[in-house]
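*Asks:* Next up is a structure, given as structure tokens.
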Amino acid sequence: MQINVLKATAGTCQANLIVIPVFGGKTFSIKNVKGIPAELVDRFMVSVERTGFAGKLYETVSLQLPVGGNADAILVIGLGEKKSSNLQAIREAVGMATGMARKNGMKSVGLILPKELSKSAIAEAAATAAILSDYSFDTYKKEASNKHLDLFVVATEERGQLLAMRKAVEHAETLCDGLTVARDLVNTPGGHMTPSLLADAAIEIAKSSNEMVDVKILEAAECEKLGMGSYLSVAKGSGQEPKFIHLIYKSPRPSKKTVTVVGKGVTFDSGGLSLKPADGMMTMKCDMAGAAAVLGFFATLSRLKPRVNIHGVIAATENMPSGHSTKPGDVVKSMNGKTIEVLNTDAEGRLTLADAMTYIQREVKPDAMIDLATLTGAVVAALGEEVAGAMGNDKKLMKEVLDASEEAGERTWELPLFERYASLVKSEVADLRNISTSRYGGALTAGLFLAEFVEDNTPWVHLDIAGPAFAERPLSTYVGKGGTGFGVGTLVKYVQNLE
Ligand code: BES
Ligand code: MN
Ligand code: ZN
């Protein structure tokens, strides 16, 4: 989809559907609607009277236009009370409008921004929603969907804002490229999305990065040598080779700060010998969504060029039952020396993350470490399908990550790492056990397990994205079913805010 930022009005903007966002609610007045061409005002008034339109959030009223003009129809869309409106309202409204356009076979949409909305943050949010709402995953279909938009126009009367708004749209395009990379990877079925394919995706990202991103792939034998017994115990049951992926972005501008992002990359989670029931397995191709977010994020870096060095780590593997699988009760030794009693092979994510975290802390001594993982069903029970759980050991980093997620429109809520619960993952026969002795608080005990692998107080945030990483029903007007790309937006905002 082409996105243009132009100086234009509802009467001059060339597009099938003209969208006019308007504040309203209690304070609605017809005068709020800026941009209705003079000759249409009377007709618009009639529609407003008839429908009782008051500019409430996501309320709409539409007008068909005479043939031969600059547009086919106008859609006025409410943003609600001005004082409580935010970027999320713009994203939802734009997704709603582009959805209506697509449904009607339209190919172009023009968003008319009045002076008060002619800001780069609004242009960025609008462009992001327009692009994301147009996403479809057609790889496995005989015919790709033809219901796509060709053009989205951001129209402003503020010539002075054009440059800033264009830059913001360019940024949205970069971000959406990353989100699309992540969505495609997550949507690819487990039968194709193997650890090797994930490694290939990482190599591809490095290749097209203008030498700003480097990648190392460690094979099983090297991981063995490094002592990654925890990670390899998950891979043992699979017919697919594990691939330990290490991505490195070196800032072209001098930087002393090093950030690492760790993604859970279980390309299919059957549960292993602690086999999941069929229903629970149906969506488990999504268990590499943390890895997908890391890869999507890295795909943006050569264009964003943030002033910080970034390492990405993915201990990719399948979790499968077989004659070679780890057995419940087995004790494995992690790279940092701690032994783990594996009582449930379905709590495999933490086993892979433990060694990934140890590896990268030994390798680079990061200033901040963020992991993203579809780690527990418990976090979905606690926060629902739209919200990620955040846990960590550092107030400042936590705030930075939460702020970034808020700005990105990715809902994240902090959960506590209460020390009292740490004993729930201590084992009688090993240092740790991979499941809690309690049935409750599973998201927290998973976080506490990971905390055992944080060294020298490295500032660390764990994002449990099991809920929002994969949508079983549409999450918003611009996030449809399937892989959502959750996490890419948060990571991008996080590194941008560091500057
Ligand atoms: N990959 C799952 C968690 C998950 C659940 C992700 C739902 C996305 C949606 C994870 O490996 C898992 O199986 N966790 C177990 C842990 C339990 C055995 C302690 C769970 O949540 O049931
Ligand atoms: Mn599992
Ligand atoms: Zn899993």
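*Asks:* Is it the case, given these coordinates, that Ile112 is part of a strand (DSSP E or B), of a type outside the set (Ser, Thr, Tyr), more than 14 Å from Val154 (Cβ to Cβ) and modelled with pLDDT of 95 or more?
*Replies:* Answer is no for this residue.
*Asks:* Looking only at residues that are surrounded by fewer than 18 Cβ atoms within 10 Å (Cβ to Cβ) and away from ligand 3 (no atom under 16 Å from the Cβ) in segment 380-390, which one is nearest to the chain's Cα centre (by Cα)?
*Replies:* For segment 380-390, the residue satisfying everything is Glu386.
Yes/no per residue for (1) within 16 Å of ligand 1 (Cβ to nearest atom); (2) open to solvent by 10 Å² or more (accessible area, probe 1.4 Å); (3) polar (S, T, N, Q):
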| site | (1), (2), (3) |
| --- | --- |
| Ala172 | no, no, no |
| Glu224 | no, yes, no |
| Ser230 | yes, no, yes |
| Arg253 | no, yes, no |
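*Asks:* Pairs under 8 Å by beta carbon, first residue without any contact (Cβ under 8 Å) to a residue 60 or more places away in the chain in segment 320-341, partner open to solvent by 30 Å² or more (accessible area, probe 1.4 Å) and of a type in the set (A, V, I, L, M), six or more apart or different chains?
*Replies:* Within 8 Å, the pairs are Lys327/Leu273; Pro328/Leu273; Pro328/Leu343; Gly329/Leu343.
*Asks:* In segment 391-408, is there at least one residue being at pLDDT 95 or above, open to solvent by less than 10 Å² (accessible area, probe 1.4 Å), within 16 Å of ligand 3 (Cβ to nearest atom) and in contact with a Leu (Cβ under 6 Å, 6 or more places away or on another chain)?
*Replies:* There is no residue in segment 391-408 that is at pLDDT 95 or above, open to solvent by less than 10 Å² (accessible area, probe 1.4 Å), within 16 Å of ligand 3 (Cβ to nearest atom) and in contact with a Leu (Cβ under 6 Å, 6 or more places away or on another chain).
Residue-by-condition table, conditions (1) under 11 Å from the mean Cα position of the chain (by Cα); (2) away from ligand 1 (no atom under 16 Å from the Cβ):
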| site | (1), (2) |
| --- | --- |
| Tyr440 | no, no |
| Ala443 | no, no |
| Glu455 | no, yes |
| Gly489 | yes, yes |
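*Asks:* Among the numbered criteria (1) within 22 Å of Tyr58 (Cβ to Cβ); (2) among the hydroxyl-bearing types (Ser, Thr, Tyr); (3) part of a helix (DSSP H, G or I), which single criterion is violated by Thr174?
*Replies:* Going through the list (1) within 22 Å of Tyr58 (Cβ to Cβ); (2) among the hydroxyl-bearing types (Ser, Thr, Tyr); (3) part of a helix (DSSP H, G or I), Thr174 breaks only (1).
*Asks:* When segment 12-31 is examined, which residues are found to be buried (at least 17 other Cβ atoms within 10 Å of the Cβ) and closer than 20 Å to Leu63 by Cα?
*Replies:* Of everything in segment 12-31, those that are buried (at least 17 other Cβ atoms within 10 Å of the Cβ) and closer than 20 Å to Leu63 by Cα turn out to be Cys13, Ala15, Asn16, Leu17, Ile18, Val19, Ile20, Pro21, Val22, Phe23, Gly24, Phe28.
*Asks:* Also: If I ask for residues that are within 16 Å of ligand 3 (Cβ to nearest atom) and in a helix (DSSP H, G or I), which ones from segment 358-379 would you list?
*Replies:* Scanning segment 358-379 gives Gly377, Ala378, Val379.
*Asks:* Now, a different point. Provide a single number: the residues in segment 119-146 that are surrounded by 15 or more Cβ atoms within 10 Å (Cβ to Cβ) and more than 21 Å from the chain's Cα centre (by Cα).
*Replies:* 2
The values are calculated or read from the model by the stated rules, or taken from the named source; none is laboratory data. All figures in this text were calculated on a predicted structure; none of them were measured in a lab. Cβ: placed from backbone, ideal geometry, glycine included. Neighbour counts: every protein chain shown. These accessible areas exclude ligands, DNA and RNA; they are computed on the full protein's heavy atoms, side chains included. Shrake-Rupley method; radii C 1.70, N 1.55, O 1.52, S 1.80 Å.
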